[in-house]
Amino acid sequence: MKKNILMLCLLTALTIIAAEPLQDQFDKYEQELRSAITEKRPRLFFTAEKFAEMIERAEKEELLKNTMAEVLKRVDLYPTEVNEEIYSQKHGGSVVFYGKDKFGPTAMRAAFCYRMTNDRKYYDLAIRILEYAAEWYNRQYANEQAVSWTAFSRISALCAYDWLYQDMTPDEHQKIGSALLRHVLQAQDTNWIIQSGMQNKGEGTSNWKSSFYGTPLLKFYAGLTFYRASIDDAAAEKLLREGLQDYIRMLNYRAGMAGKTGGGNNSTPGYSFGDAPMCEWLFYYSWQTLTGRNIASDFPGNGLLPHWLFYATFTGIDGKLYEHGTGGSWHMDNKLKMNLRYLAQFRNFFPDSPASKQIEYFISTQDEFRDDAGVFASATWRFNGYFPWLMFKYNYPSQKDIRIDSDFLESFPKAFHFPTLGQTYMSSGRKPDSTYAMFTCGSQSPAHKQMDENHFVIYKGGFLALDSGTRTASGYKDWLDDLWHDNNYYAASIAHNLVTIYMEGEKFGGWPEQKYAVANHGGMYRSTGGIVRAYETNNYYTYIAGDSTACYRPEKCKKNLRQFVFVQPDFFVICDDVESVEPTQTKTWLLHSQNEPQENGDIFHFDEQKGRLFCRTFLPANAKREKIGGPGKEFWVDGKNYPLGKTRLEEYASKNATTLWGNWRMELTHAEPIQSVRFLNLLQVGLSETLAEMVPSEYIKTDTHEGVKFTFKDVQYTVTFRNDGIGGRFCAVRQTETLIDQEFSNEVQKQEAFEHLATKP
């Protein structure tokens, strides 16, 4: 009953927030904020009273005392002479400065030590670093050079200014404050940043509709810092107002993306669970400090984020947590490397969310949470060590304090469709040897989205059908060399498990400049536009029909429809209906693998780690099959290989890094020019030590349907698809007993997060 009430309260709150006009929200929150701001300092994340509380805690609590001692020890290593050359060196055998912007975070840490100890040496050091930081920011922009990809280091500088404010001289107020404010104002000219080439050099402009860690994020914190500071009050007012409105827009947008099922601001977990949450909890802490109220409770949908993470990750054969490696992810080993310690901050702000138990589950999987010391260490020095005060805000249980209810975890449906993110996750269970798959179609966010509608990933004992290629990063001397790989392979349709349509002379878009996209990969020209026509799941199968037609140019594509059936526990039946404008426009079915496929008649297979995948092709009857890959052809597109740049390759080699870039792919095409073609494939996965050969199977056809029939563990499965459109039939029979016999749904099955809990007493 309690769970039922919780669900009703949550859904009611979601409805209320969604119904409130945006301008009314702006006015309400601006009034609440302005009435809470006083002349007293500090006001960023802490008040004077809160600093006093921290001092008392640091004296009494052993862990905080020891961690604070470590902070002081590190800050004591900072050279008293401040310049870029000195602050680029190692001191005391360790790197104590972080990122390109070394000065904002170091100034903040020195200011933090001053507020905690009242030792004047830390004040003097913080002032020197802060003065240099303010000058350096403006000098970088004058030379059209980047400061940082994120705004967090400059928020650190603003914190230092705010925390030292009460002890500054009027000249220091004006000199340092004017320089910081001038830089923040110039940083809002994002068009100039992009057009000048600064973005390509590492200056981020991510706004509220993205991960919101670029220069627009500075507005709110600069507005708070300089509000009624008599430097430029009109500019500060404008920054505060616009920054607050950006935040309210962001919170509404993310709540909308989450809906009633949970989800992030984009479909790439590494961003939605890594960098993107940081701006949220910084805002929540800021608001709570000033007003004493938890504003997060006004946007409860954002507290469902871990529900998506629960499905977007899984336990691999080695017991480690993995993501599926899709979207703008790094395809190294696909291990979960997200900042879950920051996601766990949401536990403070959404304590009554049904997803709080899932947060505890993820805490229990992270090595740093094995003991209390690890918890504090992760809070203090992670994410480039920007915010040492986190150790005082980080009151979460360590692994030894968490008891995960296995029944709770197993109670979740084995498949879940997230409509706003355009992702469907499915599995045979939640054990290391389970089968896991993801299907993507219908994303409403282009952020970090690739040309991959109707793409799928399969894991069983290893990554079998995978998302190939890998992303690159700015800051490398041959970054532009790497961009040839990004634009012509990694982000293109050719790197994914879908169907391409080749049109002679087609051009594709590129980033950051068009000139880097030169290959004709035959894929999509839009990353969004796919439509999920049908979805359903039950104990026997998960069915999804994805229509990606609109993602291809209309000059070549009339239809691109994929029907994807996961048959519990280890089978996939995939039916693609593709129609081109011209018969000569070749349609190609793609399946990527890390290792070389082995062929045997109309069946091929490949292995990865302890897993194995078999594939048998039934249609087209005269299919041509070509194996592409191996040294010098791993990323083969349009007659050329597009490898990573030399610097990246050397880096991975030096680390002996495991990679999942996908060295091979199998291509299926029609033998003769044809306008319409149907691809019909049966996939079977298993562990290589026990799966020696594929189960017997056969092609079946009636006047209205065609499909496949196979037998597994004394159950005969029949999966067929209509000849005239979406839909089909699923039948499972054990000897003479019919286990299930029903038509596929032609609708999208409605789902809500934790619906299965709400129905229980």
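The values are calculated or read from the model by the stated rules, or taken from the named source; none is laboratory data. Predicted, not measured: the structure shown is a model, and the values here were computed from it. Ideal geometry is used to build each Cβ from the backbone, glycine not excepted, and the neighbour counts take in all protein chains shown.
A few remarks follow.
- Unique match (being surrounded by 22 or more Cβ atoms within 10 Å (Cβ to Cβ) and closer than 22 Å to Tyr29 by Cα) among Gly303, Gly264, Gly256, Gly325: Gly303
- Of the residues contained in region 126-136, none is found to be modelled with pLDDT under 95, among the aliphatic types (A, V, I, L, M), buried (at least 24 other Cβ atoms within 10 Å of the Cβ) and within 18 Å of Val184 (Cβ to Cβ).
- If only residues of region 402-425 that are out of contact with any helix residue (DSSP H, G or I) (no Cβ under 9 Å at 6 or more places or on another chain) and part of a helix (DSSP H, G or I) are counted, the one that is modelled with the lowest pLDDT is Ser406.
- All positions within region 699-708 that are surrounded by 13 or more Cβ atoms within 10 Å (Cβ to Cβ) and acidic (Asp, Glu): Glu706
- Whether a residue is in a loop (DSSP other than H, G, I, E, B) and surrounded by fewer than 22 Cβ atoms within 10 Å (Cβ to Cβ) was assessed, and Lys337 passes this test.
- Options Thr47, Thr38: the member that is closer than 25 Å to Ala157 by Cα, in contact (Cβ under 8 Å) with a residue 12 or more places away in the chain and β-branched (Val, Ile, Thr): Thr47
- The residue that is surrounded by the most Cβ atoms within 10 Å (Cβ to Cβ), among those in region 206-222 that are under 23 Å from the mean Cα position of the chain (by Cα) and outside any loop (DSSP other than H, G, I, E, B), is Leu217.
- Any chance Ala653 is modelled with pLDDT under 95 and under 21 Å from Tyr459 (Cα atoms): no
- Selection count where residues are of a type in the set (Ser, Thr, Tyr) and either free of Cβ contacts under 8 Å to residues at least 60 places away in the same chain or out of contact with any Asp or Glu (no Cβ under 7 Å at 6 or more places or on another chain) (or both), scope region 431-450: 4
- Some residue of region 223-239 being farther than 24 Å from Ser156 by Cβ, part of a helix (DSSP H, G or I), of a type outside the set (Asp, Glu) and modelled with pLDDT of 95 or more: yes
- Residues in region 232-253 that are buried (at least 19 other Cβ atoms within 10 Å of the Cβ) and farther than 30 Å from Cys441 by Cα: Ala236, Leu239, Leu240, Gly243, Leu244, Gln245.
- Residue under evaluation Ile193, criteria (1) assigned to a helix (DSSP H, G or I); (2) in contact with a Ser or Thr (Cβ under 6 Å, 6 or more places away or on another chain); (3) at pLDDT below 95, criterion not met: (3)
- Screening Gly319, Gly327 for residues that are touching a His at 6+ places or on another chain (Cβ under 7 Å), touching a residue at least 12 places away in the same chain (Cβ under 8 Å) and either hydroxyl-bearing (Ser, Thr, Tyr) or not in a helix (DSSP H, G or I) (or both) leaves exactly one candidate, Gly327.
- Subset of region 189-205 that is crowded, with 17+ Cβ neighbours inside 10 Å and free of Cβ contacts under 8 Å to residues at least 40 places away in the same chain - its residue that is farthest from Leu282 (Cα to Cα): Ile193
- Filtering region 639-664 to residues that are among the small types (Gly, Ala, Ser), surrounded by fewer than 16 Cβ atoms within 10 Å (Cβ to Cβ) and part of a loop (DSSP other than H, G, I, E, B) leaves Gly639, Ala657.
- Selection status of Glu84, acidic (Asp, Glu), free of Cβ contacts under 8 Å to residues at least 60 places away in the same chain and in a helix (DSSP H, G or I): no
- Pairs meeting the criteria (first residue in region 52-67 and modelled with pLDDT under 90, second residue of a type in the set (Lys, Arg) and surrounded by 13 or more Cβ atoms within 10 Å (Cβ to Cβ), beta carbons under 7 Å, at least 6 apart or on different chains) are Leu64/Arg57.
- Search result, residues across region 35-53 that are assigned to a helix (DSSP H, G or I) and within 34 Å of the chain's Cα centre (by Cα): Lys50
- Residue that is at pLDDT 95 or above and more than 30 Å from Lys431 (Cβ to Cβ), where the choices are Val677, Val715: Val677
- Residue list for region 225-244, restricted to those being within 19 Å of Phe283 (Cβ to Cβ) and in contact with an Asp or Glu (Cβ under 8 Å, 6 or more places away or on another chain): Thr225, Phe226, Tyr227, Arg241, Leu244
- Selection status of Lys640, under 20 Å from Gly522 (Cβ atoms), at pLDDT 95 or above and touching a Leu at 6+ places or on another chain (Cβ under 9 Å): no
- Selection status of Thr225, in contact with a helix residue (DSSP H, G or I) (Cβ under 6 Å, 6 or more places away or on another chain), among the hydroxyl-bearing types (Ser, Thr, Tyr) and surrounded by 19 or more Cβ atoms within 10 Å (Cβ to Cβ): yes
- Any hit, region 660-671, residues being at pLDDT below 95 and under 27 Å from His705 (Cα atoms): yes
- Search result, residues across region 131-151 that are among the polar types (S, T, N, Q) and touching a residue at least 24 places away in the same chain (Cβ under 8 Å): Asn138, Gln145, Ser148, Thr150
- Flag: Ser272 matches the condition of being under 24 Å from the mean Cα position of the chain (by Cα) and part of a helix (DSSP H, G or I).
- As a summary of the residue check, Lys28 satisfies the conditions (1) surrounded by 14 or more Cβ atoms within 10 Å (Cβ to Cβ); (2) at pLDDT 95 or above; (3) not acidic (Asp, Glu) except for the one numbered (1).
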